[in-house]
Amino acid sequence: MPSGNKTEKPTPRRIQKAKEEGNVPKSLEVNSVAVLLTGFLLLWLFGPKIFGEFLSTSFKSIETFISPQRLSSNDLILFWEYHLERLFLWLFLLLLATLLVAIISNIAQFGVVFTSKPLGFKFERLNPLKGLKNIFFSLNSLFELVKNLLKIAVIIGIAYFFVISHLEEILSLYQFPLERGLSVLSHLILTVSGYIVAVGAIVAVIDYSFKRWKWLKDLMMTREELKEELKQTEGNPEVKRELRRRMKQIATRRMMQEVPKATVVITNPTHYAVALKYDINTDNAPKVVAKGADNLAKRIIEVAKEHGVEIYRDPPLARALYTSVEVGQEIPEKFYQAVAKVIAYVYGKRKQI
């Protein structure tokens, strides 16, 4: 497989770096449908009240104007100012709600990102050939073209079938009183708007899924990039191996310094060696001061012999202690009886000497 192929998933660090540079998966369709849905719901909930108040104000002013005892022009102006202020307050609240939803829809897509890097000047943006390539020959452009064509076709289709299915009701609107006709018309508009918002929601889900898939695909890494990032975040693997090797050497050296102080070394006889230290006056239980397998076991046995430490052959016990107890730990209670026999043997042998 060529080394330049991007076969590895992006790491969390690469994703975070992309976000810091302003490279985030963003769908304008999500913003649009969120705003449309908010506007639709608010109009559905509060539209009749706003529209009714506006009509009531208009009819009242007309009645007042044509009444024989009509108010003065100043009174009429004050009357309109009061109700227009209420109308503009309603509209302001609607606009504020849609603005907040637009902000929240952005945060829901990629979180909170503060960066000025996308505003920086780049010479490559002035390259017309690259711009034409992005417009006509990119996967993103093809997806946008197909998406927009389908969206337009579906919306036109919905509008057409809705008008056809409600044609008789629409043509009879002129027969209704003004308030009744406007109420029916607003109901029809809200109904068709609901269908369009539903289609927009489906398009938004598809669009965001594609944008996120494309974003993650563009962030994929080669194995060389992944290795380089691991070196930067976790350190060079070779250096880490060397550090582990040196730490192991230091630990082994310290462990070997404890072997001469051991009470006994239990072996099996060459594959495993476990050095135990026990002072009947100060220790609660024997403690493992050194252990090793194969070559390290041989070294422990050699050092023990050089310093006159007793070597005791017990293969099952040696293997069990090696796998169950770490260096520096006291032996568990389950080994007390077996180790006690060994310690007794060692003390008995010392008395004979």
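The values are calculated or read from the model by the stated rules, or taken from the named source; none is laboratory data. The model shown is predicted, which means the values in this text are computed figures rather than measured ones. Because the Cβ atoms are built from the backbone with ideal geometry, glycine has one as well, and the counts that use them run over all protein chains shown.
A Cβ distance below 8 Å, combined with a sequence gap of six or more or placement on separate chains, defines the contacts here; from region 160-174, residues that are over 12 Å from THR191 (Cβ atoms) and outside the structural domain of HIS187 (by TED's automatic domain parsing) reach no residue that is part of a loop (DSSP other than H, G, I, E, B) and among the hydrophobic types (A, V, I, L, M, F, W, C).
For region 329-342, taking the residues that are in a helix (DSSP H, G or I) and farther than 20 Å from HIS271 by Cβ, the one that is farthest from the chain's Cα centre (by Cα) is identified as LYS341. Residue count for region 286-328 under the criterion of being over 20 Å from GLN249 (Cα atoms), outside any strand (DSSP E or B) and not hydrophobic (A, V, I, L, M, F, W, C): the result is 11. Based on this model, can you work out whether LYS351 counts as more than 58 Å from the chain's Cα centre (by Cα), assigned to a helix (DSSP H, G or I), over 12 Å from VAL274 (Cβ atoms) and among the basic types (Lys, Arg)? For LYS351, the condition - more than 58 Å from the chain's Cα centre (by Cα), assigned to a helix (DSSP H, G or I), over 12 Å from VAL274 (Cβ atoms) and among the basic types (Lys, Arg) - is met. Of note, VAL197 does not satisfy the criterion of being within 30 Å of LEU145 (Cα to Cα) and free of Cβ contacts under 8 Å to residues at least 24 places away in the same chain.
Picking from residues in region 298-353 that are out of contact with any Phe, Trp or Tyr (no Cβ under 9 Å at 6 or more places or on another chain) and aromatic (Phe, Trp, Tyr), the one that is surrounded by the fewest Cβ atoms within 10 Å (Cβ to Cβ) is TYR336.
Taking the listed residues LEU226, LEU276, the one that is crowded, with 17+ Cβ neighbours inside 10 Å, closer than 30 Å to LYS19 by Cβ, in contact with a strand residue (DSSP E or B) (Cβ under 8 Å, 6 or more places away or on another chain) and of a type in the set (A, V, I, L, M, F, W, C) is LEU226, with no other qualifying. Exactly one condition in (1) surrounded by 12 or more Cβ atoms within 10 Å (Cβ to Cβ); (2) under 48 Å from the mean Cα position of the chain (by Cα) is not met by ALA251; state its number. The failed condition is (1).
For every residue, the table says whether it meets (1) at pLDDT below 80; (2) under 30 Å from LEU43 (Cα atoms).
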| residue | (1), (2) |
| --- | --- |
| LEU190 | yes, yes |
| GLY194 | no, yes |
| GLU229 | yes, no |
| LYS261 | no, no |
